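Student: I have a structure I would like to understand better, so I am pasting it below and will then ask my questions one at a time.
Derivation of every value follows stated rules applied to the coordinates shown; laboratory data play no part. The structure displayed is predicted, hence computed values, not measured ones. Ideal geometry is used to build each Cβ from the backbone, glycine not excepted, and the neighbour counts take in all protein chains shown.
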Amino acid sequence: MLRYIARRLLLTIPLLVGISLVSFLMMHMAPGGPIGAGTDMNPKATAESRARLKAYYGLDQPLHVQYGRWLGRMATLDFGDSFSPDGRPVAEKIKERIPITLTINVLSMGLIFLVAIPVGVTSAVRRGSLFDRISTVAVFTGFAIPTFWLALLMMILFGVRLGWLPISGISSLDYESLGTLGKIADRGRHLVLPVLLAGFGGLAGMSRYMRSNMLEVIRQDYIATARAKGLPEGTVIFRHAMRNALLPVITILGLSVPDLLGGSVIFETIFAIPGMGQLFYQGVMSRDYPLIMGILTIGAFLTLLGNLLADVGYALADPRIRQG
Amino acid sequence: MNGSRSTGSDFARRLLRNRLAAAGGAVILFFFLLSALPGVFSSHEPNRIDIVNILHPPSASHPLGTDDLGRDVLARVVYGARVSLKVGFVAVGIATALGLFVGLLSGFYGGWVDAVLMRFVDMMLCFPTFFLILSVIAFLEPSIWNIMVVIGLTGWMGVARLVRAETLSIKERDFVAAARAQGAGAARIIFRHVLPNTLAPILVAATLGVAGAILTESALSFLGIGVQPPTPSWGNILTAGKDNIEYAWWLSLFPGLAILVTVLGYNLLGEGIRDAADPRLKGR
Amino acid sequence: MMESLRRAVLPSIALFLLLASCGGGKPESAGKGAPVSDVPAYGDAIVEGSIGDVSGFLTAVTTDASSHEAAGYVFNGLVRYDKNLKLEGELAESWEISPDGKRITFHLRKGVKWHDGAPFTSDDVMFTYRRMIDPRTPTAYGEDFKQVRRAAAPDPHTFVVEYARPFAPALASWGMHVLPKHLLEKYPDISKSPLNKKPVGTGPYRFVEWKTGEKVVFHVSPDYFEGKPYIARVISRVIPDQATMFLELKSGGVDIMTLTPPQYVRQTETAEFKKSFNKYKYTASGYTYLGFRLSHPFFRDKRVRQAIAHAADKKALIDGVLLGLGQEATGPYKPGTWAFNPGVKKYPHDPARAKALLADAGWKEKDGVLVKDGQPFEFTVLTNAGNDARAKTAAILQQNLAEVGVRMKIRTVEWAAFINEFIDKRKFDAVILGWNITPDPDQFDIWHSSKTGPKELNHVGFANPEVDRLLDEGRSTFDLEKRKNAYFRIQEILAEEQPYVFLYVPEALPVVNNRFRGIVPAPAGITYNFIKWYVPAALRKHKITP
């Protein structure tokens, strides 16, 4: 097992180098410079002060020198200082934004699991039934509806009309004065809409995957054997079929990491959530190279990590792989 | 299994029997018609500004109301269909072509070519696609061509993997080995044997890809870097509608529904194709 | 100075070329709340909605409006603009300008303390000046301070600066926030100091916390030198989406924000809305223009530019883009201010006149498009992506120009690329952009022929010897009458030459929850007397005591 994990880890190293190279090159092929947005159109910013800013940020170095620096620091998760006027280390900025993004993603993944598996299994078992058709349309609707539109509609309904839930942000003004339970409740109320939304959007992938896995398994010989032995249908489905159908779902969890991260740009912007997606969007709009490279790399790390965990989990659950 | 390759008519029959897929297909056809013959559906010009009639609710002369510059929403949604579908199709065309190329190359030649290409695919798959698209679009400029190209260039990896797997498995089969032994060239093998076998899964991937590209464009529009006004796209009409969502519901409802219904349609059709093409499900 | 994507949320008086607001205004529905005893009371909190996050609190090293606004609660300058946009003392009690106009002597307030208790003295001002000219300070505002030939702090409450020659914008430049020497001395680069994240100033509010991307919190400074402000707490919340922010306002999550014209005109006219909110409206300090690259063969001819000015339907722009909430721009100054010349040549919407001018210039109509020397009149206008008003402006102008046979294509580019690749490299035919108008009328950098180099601000390449001379004249005297004459003449020349077609000056449209009282609109907007705003005790919402 350990050897399997070690080998799996070794395989990620070339990927990491490739990721750093791609993200770095991509940013530097882009036209324009990072000093732009703030000072360029300012009549009080002379050519001289701009040159000063440029030297200050190290942009006057040749590209390969900049990449060398970048790679060396990447190993220690030091992505350099942000180009934005606060000039704070990128790693620090990402660190304070990542927990909320991960929280929402993990919660919505849990929600997806809770809903998608029963839905997928049921529609597979009753393939072609009314339930199958309705659930198919329902889960695809979640995928098909533009997130920001649905978000606003939900805000209007639950926030303005009914007044049940806060509209945006992640905590109330009096958050600091609340007790531990109060804090949890307050944070929870703020996260209901974003998590529901992210979950609704991701339902389709998981439930359809579950459904087709289940269909696949049901056709297998051993299920037929189990049925032939006269076992009750419930036992056949839940004891035998579902266990085997669930296994590959572990891998798709790893694969859904990049999609969820990408989606966070939209719902963090609309819900005013200070997470990594919003930070990335701001970085892109102000050409904050170190920040963009940092988040792209961290995003790729997280995806790799997700895949790794999924593979290891799969290996743990399925002994055939361990030998491989 | 090679003997059970379904014939075209078989496939079509199974597809049509799937009512959801048929409905999806009908929706898609409808919007195709809409974008092919916009003049039939709307007598207004999509970019004709009329500042006297700003944000008018639906009426006889403007069945879906007017937008924040007095333009006819029906006309904009109809012409927007053209733009949004174009984004979907060109992006998917690029992704499919690239995916096919890489997949065939990798699967057919194997060895280090395969190793290098597949590591590259692995690497590309690690980046959250929307992050990639966002940075590239913002660095170039949000023109419709850039959007299509970037969505295409970040969406080919799935197809490549699919084609490679299929190529590998087909390459090993007896009839292909026989054809090779008889001196059939690579091109002949690819066109005669590999492509027909990969057609269905590619079609499924492409159908879902079109849906995804339409959604991506609308997300980019929300961030202000999608197809730029005055060119109408469903995404930017919806974005213009969002700021007036409570007052001028018609400005967000109709483009929103258009996106919803179209993306839903493509997904249902894609699923239908997948099911219909799966010979093992034939009996059910 | 040029408006970026980041819209400022609260129009306030900025000294540094970000934004400033002006013009008289009346609250639309002031005081329609429930009858309560309208007595100033201490307490409560105000929540501002802000599109962008703060990037730092030291204004010397930040350039975005959100940061400058937040810093304004904590820091003071030597001078500031009052409600009528006249300079008045803030940390300086008074000042004298020597008869030759070269020396300014500031007399500083006594007894002012930094929030940590240390006394404020002329050493701090001297320190600020030194840091502004220090190459290690990554500031965009060093230029004005480099004009200083000599600075001195003869005693703790006097600060003297001397210029090589009279320099009119100098006085306003001392609105730069004064930095605490005792806290910053040991940091060679102030942008890297902890103070940029946790500011300590002399202003009406003390910094409490900054949760990046979420909010900034300030608490009242009880011993503020102009008197303790009534409102105990200020919270600035980051809400990146305009639609979300408006929903927050309506549900009570935000107390003050800036409305868009459709929100102002269409969505806030209900009795229910007016019951809880006061809307305000006053001329914003900025204008939108269509600028030509003057070296372009089409636009070299003055008649062509004048024709386009006649073709542009400014009334339609104001009605369509601003829903009537704005006025026609005729030059680069704000209507109603002392430098504004109301008597310049105007260009009413007149397609026939436009066609005649174009015909004079040699353009002949052929199949609905003008042609000259076999070349159709077709050009591309550039504007930045994501700016709704500019996109609409472009769409309307496109239609206006089509009416006179000119084909205008629209191209939108994301802001940073727009500036770096097109504006700075002069790769454009025409642009739609906006400038903010600073209270001081010196626009040397925008119009002087020496400022046409790459990356400089005269991006249209305007060169006129008389304007050059007048710009120089206008900035090198403190004599208001002389300055006024110079700027009036400049506006006449600009109106005749039309290097820009000046399009419109929009209205600033702030809205405030009506539990807040004491708001008195003035030419400077509404926030100039923020420390006098209050919530009557009966209407208090948050139990926060000073």
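Student: Can you give the Rg to Rh ratio for the stretch C:197-246, taking only C-alpha atoms and Rh from Kirkwood?
Tutor: Using Cα coordinates only, the ratio equals 1.07.
Student: Sorted from largest down, give the three principal axis spans of the alpha carbons of the stretch C:162-296, whole angstrom values.
Tutor: 55, 55, 30
Student: How much net charge surrounds C:P348 when only other residues with a Cβ under 11 Å from its Cβ are counted (Lys, Arg +1; Asp, Glu -1)? List each step's numbers first, then the result.
Tutor: On the way: positive: C:K314, C:K315, C:K345, C:K346, C:R353; negative: C:D313, C:E328, C:D350.
Summing Lys/Arg as +1 and Asp/Glu as -1 gives +2.
Student: To make sure I understand, if each residue's beta carbon is the centre and we count other beta carbons within 10 Å, what order do C:T158, C:T260, C:T59, C:T383 fall in, fewest to most? Working shown, then result.
Tutor: On the way: C:T158 16, C:T260 22, C:T59 28, C:T383 25.
So the residues, fewest neighbours to most, are C:T158, C:T260, C:T383, C:T59.
Student: Sort out for me the Cα centre separation of the stretch B:89-149 from the stretch C:365-407, rounded to whole Å.
Tutor: What the calculation gives is 37 Å, centre to centre.
Student: Given Cα pairs under 8 Å that are at least 6 residues apart, what percent is the relative contact order of chain A?
Tutor: Over chain A, the number comes to 26 percent.
Student: Kindly rank A:193-203, A:134-144 from highest to lowest mean number of other beta carbons found within 10 Å of each residue.
Tutor: A:193-203, A:134-144
Student: Something else: Return the inverse of the average 1/r over all pairs of distinct C-alpha atoms in chain B, which is the Kirkwood hydrodynamic radius, in Å to one decimal. Display every interim value, and only then the final one.
Tutor: Values: mean 1/r = 0.0482 Å⁻¹.
Result for chain B, one decimal place: 20.8 Å.
Student: First check a/c for the stretch B:185-266, with a ≥ b ≥ c the square roots of the eigenvalues of its C-alpha gyration tensor; if it is under 1.5, answer rounded, and if not, answer prolate when a/b is larger than b/c or oblate otherwise.
Tutor: Here the stretch B:185-266 falls in the prolate category.
Student: In bins 5 Å wide, starting from 0, what share of all Cα pairs of the stretch A:210-324 does each bin hold, as a percent?
Tutor: Spelled out bin by bin, the stretch A:210-324 gives 2, 10, 14, 14, 13, 11, 9, 8, 8, 5, 3, 2, 1, 0 percent.
Student: Same structure again: Let's see if you can work this out: charge +1 on each Lys and Arg Cβ, -1 on each Asp and Glu Cβ, no other charges. What is the dipole magnitude of the stretch B:9-122 about its Cα centre, in debye to the nearest 20?
Tutor: 420 debye
Student: Please give the peptides C:212-219, B:68-75 ranked by average Cβ packing (other Cβ atoms within 10 Å per residue), highest first, as a rough proxy for protection.
Tutor: B:68-75, C:212-219
Student: Now for a different question. What average number of partner chain Cβ atoms lie no more than 10 Å from the Cβ of the residues making up A:134-141?
Tutor: Neighbouring Cβ atoms belonging to other protein chains average 4 per residue here.
Student: Now, a different point. How far apart, in nanometres, would the label points at C:S295 and C:K86 be if each is projected 7 angstrom from Cα along the Cα-to-Cβ direction?
Tutor: 4.6 nm
Student: First measure r as the distance between the Cβ atoms of C:K364 and B:S61, then evaluate 1/(1 + (r/R0)^6) with R0 = 35 Å and state the FRET efficiency to the nearest 0.05.
Tutor: 0.40
Student: Peptides A:163-170, B:36-43, C:100-107: what's the order by average Cβ count within 10 Å, highest mean first?
Tutor: So the peptides A:163-170, B:36-43, C:100-107, ranked by packing, come out A:163-170, C:100-107, B:36-43.
Student: Using the 10 angstrom Cβ neighbour count as an exposure proxy, how do C:T62, C:T121 rank, fewest first?
Tutor: Numbers: C:T62 26, C:T121 20.
By the 10 Å Cβ count, ascending, the order reads C:T121, C:T62.
Student: Could you give P(r) for the stretch C:370-437, binned at 5 Å from zero, as whole percent values over all Cα-Cα pairs?
Tutor: Answer for the stretch C:370-437: a P(r) of 4, 16, 25, 22, 17, 10, 5, 1, 0 percent.
Student: For chain C, what does the alpha-carbon gyration tensor say about shape, rounded, prolate or oblate, given a ≥ b ≥ c as the root eigenvalues, a/c under 1.5 as rounded, and a/b over b/c as prolate?
Tutor: Here chain C falls in the oblate category.
Student: Report the local net charge at C:A537: Lys and Arg +1, Asp and Glu -1, summed over other residues whose C-beta lies under 12 Å from its C-beta.
Tutor: Working: positive: C:R515, C:R517, C:R540, C:K541, C:K543; negative: C:D38, C:D44.
Here the charged neighbours net out to +3.
Student: Along the charge dipole of the protein assembly as shown, Cβ charges K/R +1 and D/E -1, which of C:I308, A:V257, C:Y81 sits furthest on the positive end?
Tutor: Positive-most Cα among the choices belongs to A:V257.
Student: Count, for each residue of B:250-257, the Cβ atoms from other chains sitting within 10 Å of its Cβ, then give me the mean as a whole number.
Tutor: Average per residue, whole number: 2.
Student: Of A:M206, C:G453, A:G275, which is farthest on the positive side of the dipole of the protein assembly as shown, counting Cα position, with +1 on Lys and Arg Cβ, -1 on Asp and Glu Cβ, and the Cα centre as origin?
Tutor: Farthest towards the positive pole: A:M206.
Student: In 10 Å bins starting at zero, report the fraction of Cα pairs in the stretch C:493-534 per bin as a rounded %.
Tutor: 22, 33, 16, 17, 11
Student: Under the rule of at least 5 residues apart or a separate chain, name every residue whose amide H is placed under 5 Å from the amide H of C:Y282.
Tutor: Amide H neighbours of C:Y282, under 5 Å, 5+ apart: C:A508.
Student: Let me ask something else. Using a 10 Å cut-off on Cβ to Cβ distances, tally the other chain neighbours for every residue of C:252-260 and report the average as a whole number.
Tutor: 2
Student: I would also like to ask the following. State, as an integer percentage, the relative contact order of chain C based on alpha-carbon contacts under 8 Å between residues 6 or more apart. Don't skip to the end; give the middle numbers.
Tutor: Working: 1179 pairs, mean separation 138.4, N = 546.
Computed over chain C, the figure is 25 percent.
Student: Sorted from fewest to most neighbouring beta carbons within 10 Å, what does the list A:S264, C:S221, A:S172, B:S106 look like? Write down the numbers at each step before the final one.
Tutor: Details: A:S264 30, C:S221 22, A:S172 17, B:S106 25.
Result, fewest neighbours first: A:S172, C:S221, B:S106, A:S264.
Student: When every alpha-carbon pair in the stretch C:327-411 is counted, what percent end up more than 22 Å apart?
Tutor: Beyond 22 Å sits 45 percent of the P(r) for the stretch C:327-411.
Student: Another question, then. Quick one: angle between helix B:129-139 and the longest Cα principal axis of chain B, in degrees between 0 and 90, rounded to 10, please.
Tutor: 60 degrees
Student: Nearest 0.05, what FRET efficiency do A:H64 and B:V113 give at R0 = 22 Å with Cβ-Cβ as r?
Tutor: Efficiency computed from Cβ-Cβ geometry: 0.20.
Student: On a full-extension model of 0.36 nm per residue, what is the gain between A:R8 and A:E233, subtracting their alpha-carbon distance, rounded to one decimal in nm? Write down the numbers at each step before the final one.
Tutor: On the way: separation 225, 0.36 × 225 = 81.00 nm, distance 3.93 nm.
Full-extension gain reported as 77.1 nm.
Student: Given +1 on the Cβ of Lys and Arg, -1 on the Cβ of Asp and Glu, and no further charges, what dipole in debye does the protein assembly as shown carry about its Cα centre, rounded to the nearest 20?
Tutor: 2840 debye
Student: Please report, in debye to the nearest 20, how large the charge dipole of the stretch C:94-140 is about its Cα centre when each Lys and Arg carries +1 at its beta carbon and each Asp and Glu carries -1 there.
Tutor: Values: 8 positive and 6 negative charges, 4 e Å.
Here the size comes out at about 20 debye.
Student: Convert 37 °C to kelvin, take the viscosity as 0.692 mPa s, use the Kirkwood radius over C-alpha pairs of chain A as Rh, and evaluate the Stokes-Einstein diffusion coefficient in µm²/s, rounded to a whole number.
Tutor: Numbers: Rh = 22.9 Å.
Here the translational diffusion coefficient equals 143 µm²/s.
Student: Return, for the Cα atoms of the protein assembly as shown, the radius of gyration and Dmax in Å, separated by a comma.
Tutor: In Å, with Rg to one decimal and Dmax whole: 32.0, 111.
Student: Nearest 10 degrees, 0 to 90: what angle lies between the long axis of helix C:242-251 and the longest principal axis of chain C (Cα atoms)?
Tutor: 40 degrees
Student: Under the rule of -39500 (n - 2.57) per DSSP H run of 4 or more residues, summed and divided by the residues of chain B, what mean residue ellipticity at 222 nm is obtained, to the nearest 500 deg cm²/dmol?
Tutor: Counting only the DSSP helices, I get -23000 deg cm²/dmol.
Student: If you don't mind, another one. Roughly how many Å is it from the Cα centre of the stretch A:109-168 to that of the stretch C:228-284, as a whole number?
Tutor: Centre-to-centre (Cα) distance: 32 Å.
Student: Suppose a student asked you for the relative contact order of the stretch A:57-157, using Cα pairs under 8 Å spaced at least 6 residues apart; what percent would you report?
Tutor: Averaging sequence separation for qualifying contacts and normalising by length gives 10 percent for the stretch A:57-157.
Student: Which of rounded, prolate, oblate describes the stretch C:389-533, given a ≥ b ≥ c as roots of the alpha-carbon gyration tensor eigenvalues and a/c under 1.5 marking rounded, otherwise prolate only if a/b is larger than b/c?
Tutor: Since a/c reaches 1.5 but b/c is at least a/b, the shape of the stretch C:389-533 is classed as oblate.
Student: A further question follows. Please give the calculated 222 nm ellipticity per residue for chain C, where each DSSP H segment of at least 4 residues contributes -39500 (n - 2.57) and the sum is spread over every residue; nearest 500 deg cm²/dmol?
Tutor: Dividing the helical sum by the residues of chain C leaves -6500 deg cm²/dmol.
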